[in-house]
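Engineer: For reference, the structure I am asking about is given below.
Read the figures in this text as sums done on the coordinates, not as results from a lab. Given the structure is predicted, the values throughout are model-derived calculations rather than measurements. Neighbour counts are summed over all protein chains in view; Cβ atoms, including those assigned to glycine, are modelled from backbone coordinates with ideal geometry.
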Amino acid sequence: MKTYFAACKKVTYISKYLKNEIMKKFVLIALVALASFAANAQAKISFKSDTVDYGEIAKGSDGIRVFEFTNTGNAPLIISEVKSSCGCTVPKKPDGPIAPGASNTIEVKYDTNRVGPIRKTVTVYSNAVEPIIALKIKGEVLPDGKSVLEKTE
């Protein structure tokens, strides 16, 4: 009888051991599958244009322009920060995540009381495949008394 119970204990122990090993392997396979699925789900930001050209504008005129973009990825796009290369340019990022396929804008306001050429960079930080994107604004603010219709010589 003793040997019978000893044999049963061994079988039970081996059975539990195998069950634990199978569960460990199953959990490992599930984690690998989940990680590979998560790696494929990424946001992608596509701008209509990466440059806004103000052209020639009068001093003190409206300095607000927008960069239009679409999330062409398959995960929500989160824009964490938008910075400008100068204090004369104030960017405004969209609030909240942008769903896959959805479009939105980044607003940029340039101080048009500063006369002269405009050459500034606006940097966008996000969770997209390309996490840092540089956008450009360009143009020229004409001094008082100059018309945007006049030819400068």
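Engineer: If you take the beta carbon distance between Asp144 and Lys92 as r and set R0 to 30 Å, what does 1/(1 + (r/R0)^6) give as a FRET efficiency, to the nearest 0.05?
Structural biologist: Numbers: r = 28 Å, r/R0 = 0.93.
The computed FRET efficiency comes out at 0.60.
Engineer: Could you put Asp144, Asp62 in order, starting from the residue whose Cβ has the fewest other Cβ atoms within 10 Å? Can you show the working numbers first?
Structural biologist: Values: Asp144 8, Asp62 11.
By the 10 Å Cβ count, ascending, the order reads Asp144, Asp62.
Engineer: Can you pull the one-decimal nm distance between simple spin-label points at Thr105 and Asn74, each 7 Å off the Cα toward Cβ?
Structural biologist: For the pair Thr105/Asn74, the computed spacing is 3.1 nm.
Engineer: Which length gain, in nm to one decimal place, applies between Val115 and Val66 when the Cα-Cα distance is subtracted from 0.36 nm times their residue separation? Could the numbers behind the result be given before it?
Structural biologist: On the way: separation 49, 0.36 × 49 = 17.64 nm, distance 2.10 nm.
Working it through step by step, the gained length comes to 15.5 nm.
Engineer: May I pose another question? Need one number: convex hull volume per residue for region 45-142, Cα atoms only, in Å³.
Structural biologist: Values: hull volume 7.6 nm³, N = 98.
In region 45-142, the Cα convex hull volume per residue is 77 Å³.
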